[in-house]
Amino acid sequence: MSLIKSISGIRGTIGGKTGDNLTPIDTVKFAAAYGTWLKNNSENEKLKVVVGRDARISGKMVQDLTMNTLTGLGIDVIDIDLSTTPTVEIAVPLENADGGIILTASHNPKQWNALKLLNSKGEFLDGAEGAKILEYAEQDNFDFSEVDDLGMITRIDNYMDIHIEEVLKLKLVDAEKIRKAGFKVVVDGVNSSGGIVIPDLLKKMGVEVVELYCEPNGHFPHNPEPLKEHLTDICELVKKEKADFGIVVDPDVDRLAFIDEHGEMFGEEYTLVACADYVLSKTPGNTVSNLSSSRALSDVTKKHGGEYNASAVGEVNVVQLMKDSNAVIGGEGNGGIIYPESHYGRDSLVGVGLFLTYLAEKNISVSELRKKYTAYYMSKNKIQLTPEIDVDGILKAMEEKYKDEQISTVDGVKIDFPENWVHLRKSNTEPIIRIYTEAKSQEKADELAENMIKEIKKIIA
């Protein structure tokens, strides 16, 4: 199977051999490396870490291993148990903790799990911090506490409720306006923690909820990545129930997608666009997404007189550029909403609150809202290369060829043409160039991708 170590955490499949999979030994080693890093970088005499998990079958096992490793290092643990990624992120500062660990493999299938690591602000670690933890894990030389100095575990069971209350406190979330709109909504919680927290949030705002796959048993009923081809059941149920729209989240509830009243996808890319349109209409300012996200966010930002900036791919990069540019909202094109008024992390609960308030205020259907925005279409491709090929040289040649266009080399090479764009990125783990294109029709996006593939193959030849 697989074990992937990166600066953002460790991710792997359950079972198998140590070092090749996310076994109990690998879990303990990585949790110990994180705890050791915290101890070496804190002046606090007693440390505290928040730990939460999604509803994966392996979640309880991985959580127990992680928490007991931390207490073995003398670190106290706040156990918030079944939770979401953004819930753990808000819990860290609320508990004055020194860090947090989220046990989730996000949109990966049920055999996967992961340890995702947070700092004392409840934000993901940066590259240098993550690299240091990987170094500690490789050294495998940990200093555990003696019996009188062991940490303690404190259980708090209501953090998803606390998270809901934090969302309802936001100035731009108007529960009363939503209640008056009388929405009926279908929710697909992919049998994880979103099946609890999203319906609970909606009910608090007076929404009639039809639940689909909302039992948090970790048996995902379909591929948990919220893409069109995986969501036929909710699309059909929205029409059958004559609902106003549908809401889909991934297992750890940091990605958000909507289905319109006709059972059609609103578009993951447009989740952020719509939420930004609303936020910018109330609080003008700047926005950020990554280089592979839709141009539609730039269009909306300029409409409101703000400045749009694009970061390298990766949430930590988006967050840093948001801080640097004082962005009022940002995120990623995969349906991830980052709203600093709440916290610097992708949060589907915040996205739901903002989107429903905007929809209620506009008093229009989801399909009518979608028509407000320029229709862009994406094509996502890749070229498999042999290990000896100079990928950096290929990207440099493409940059030189299109030097008269608007070019960004922040993350690979992005070429902005007047009507469309292409983003070329190399993989960090295999000899691949990823090719993302966007245009005003699917045909043109596909054609642009095909032309770029041909040009790259010419360079290789």
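Which condition breaks for D299 when tested against (1) within 19 Å of R370 (Cα to Cα); (2) buried (at least 23 other Cβ atoms within 10 Å of the Cβ); (3) in contact (Cβ under 8 Å) with a residue 40 or more places away in the chain?
Of (1) within 19 Å of R370 (Cα to Cα); (2) buried (at least 23 other Cβ atoms within 10 Å of the Cβ); (3) in contact (Cβ under 8 Å) with a residue 40 or more places away in the chain, only one is false for D299: (2).
Which one of the conditions (1) closer than 25 Å to P418 by Cβ; (2) surrounded by 24 or more Cβ atoms within 10 Å (Cβ to Cβ); (3) over 12 Å from the mean Cα position of the chain (by Cα) does V352 fail to meet, given that it meets all the rest?
Condition (1) is where V352 drops out.
So, in segment 338-393, how many residues would count as being touching a His at 6+ places or on another chain (Cβ under 8 Å) and more than 14 Å from L172 (Cα to Cα)? Steps first, please.
Start the filter on segment 338-393 by keeping residues that are touching a His at 6+ places or on another chain (Cβ under 8 Å), which leaves 349, 367.
Next cut, more than 14 Å from L172 (Cα to Cα) only: 367.
Adding up the residues that qualify gives 1.
Quick one: what pairs do we get from segment 322-335, first residue in a strand (DSSP E or B) and crowded, with 24+ Cβ neighbours inside 10 Å, second modelled with pLDDT under 95 and acidic (D, E), C-beta under 9 Å, 6+ apart or different chains?
G331/E315; E332/E315
Quick check on segment 2-23. Is at least one of its residues of a type in the set (K, R), surrounded by fewer than 16 Cβ atoms within 10 Å (Cβ to Cβ) and not in a helix (DSSP H, G or I)?
yes
Could we say that E146 is in contact with a Phe, Trp or Tyr (Cβ under 6 Å, 6 or more places away or on another chain), closer than 30 Å to E45 by Cα and modelled with pLDDT of 95 or more here?
Working: in contact with a Phe, Trp or Tyr (Cβ under 6 Å, 6 or more places away or on another chain): no; closer than 30 Å to E45 by Cα: yes; modelled with pLDDT of 95 or more: yes.
Here the answer is no, as E146 does not meet what is asked.
Yes or no: I433 touching a Lys or Arg at 6+ places or on another chain (Cβ under 6 Å) and either at pLDDT 95 or above or surrounded by 21 or more Cβ atoms within 10 Å (Cβ to Cβ) (or both)?
On the way: touching a Lys or Arg at 6+ places or on another chain (Cβ under 6 Å): yes; either at pLDDT 95 or above or surrounded by 21 or more Cβ atoms within 10 Å (Cβ to Cβ) (or both): yes.
So I433 passes the test.
Of all residues in segment 53-68, which are of a type in the set (S, T, Y) and touching a helix residue (DSSP H, G or I) at 6+ places or on another chain (Cβ under 6 Å)? Don't jump to the end; show me each part of the working.
We begin by selecting, within segment 53-68, every residue of a type in the set (S, T, Y); these are 58, 66.
Once the filter is applied, which keeps residues that are of a type in the set (S, T, Y) and touching a helix residue (DSSP H, G or I) at 6+ places or on another chain (Cβ under 6 Å), segment 53-68 yields only T66.
Tell me the residue from L103, L118 that is of a type in the set (A, V, I, L, M, F, W, C), farther than 22 Å from P224 by Cα and touching a residue at least 12 places away in the same chain (Cβ under 8 Å), please.
Numbers: L103 fails: farther than 22 Å from P224 by Cα.
None of the others qualify; the one that does is L118.
Pick from K121, K60: which is under 21 Å from the mean Cα position of the chain (by Cα), surrounded by fewer than 19 Cβ atoms within 10 Å (Cβ to Cβ) and closer than 28 Å to E166 by Cα?
Details: K60 fails: under 21 Å from the mean Cα position of the chain (by Cα).
Just one listed residue meets the conditions, K121.
Any idea how many residues of segment 164-195 are outside any strand (DSSP E or B) and over 12 Å from C214 (Cβ atoms)?
As a first pass, look at segment 164-195 and keep what is outside any strand (DSSP E or B): 164-183, 189-195.
From the residues that got through so far, the ones that are over 12 Å from C214 (Cβ atoms) too are 164-183.
The number of residues fulfilling the criteria is 20.
Restrict the check to segment 186-202 and report whether at least one residue is touching a residue at least 60 places away in the same chain (Cβ under 8 Å), more than 22 Å from the chain's Cα centre (by Cα) and crowded, with 19+ Cβ neighbours inside 10 Å.
No; the residues of segment 186-202 include none that is touching a residue at least 60 places away in the same chain (Cβ under 8 Å), more than 22 Å from the chain's Cα centre (by Cα) and crowded, with 19+ Cβ neighbours inside 10 Å.
Being in a helix (DSSP H, G or I) and surrounded by fewer than 19 Cβ atoms within 10 Å (Cβ to Cβ) is the filter; apply it to segment 392-406 and report the residue that is nearest to the chain's Cα centre (by Cα). Steps first, answer last, please.
So in segment 392-406, the residues in a helix (DSSP H, G or I) come out as 392-401.
Restricting the remaining residues to those that are surrounded by fewer than 19 Cβ atoms within 10 Å (Cβ to Cβ) gives 392-393, 396-397, 399-401.
Values: D392: 28, G393: 31, K396: 30, A397: 32, E399: 29, E400: 33, K401: 34 Å.
This residue is D392.
When the residues of segment 407-461 are narrowed to those that are outside any loop (DSSP other than H, G, I, E, B) and among the polar types (S, T, N, Q), which ends up nearest to the chain's Cα centre (by Cα)? Don't jump to the end; show me each part of the working.
Initial filter on segment 407-461 (outside any loop (DSSP other than H, G, I, E, B)): 407-408, 413-416, 421-426, 432-439, 442-460.
Applying the additional criterion that residues be among the polar types (S, T, N, Q) yields 408, 437, 442, 451.
On the way: S408: 23, T437: 21, Q442: 25, N451: 31 Å.
It comes out as T437.
If only one of T287, T271 is in a strand (DSSP E or B) and among the polar types (S, T, N, Q), which one is it?
Values: T271 fails: in a strand (DSSP E or B).
Every option except T287 fails the conditions.
The values are calculated or read from the model by the stated rules, or taken from the named source; none is laboratory data. Fair warning: this is a prediction, and the values are worked out from it, not measured in the lab. Heads up, the Cβs are rebuilt from the backbone with ideal geometry, glycines too, and the neighbour counts pull from every protein chain shown.
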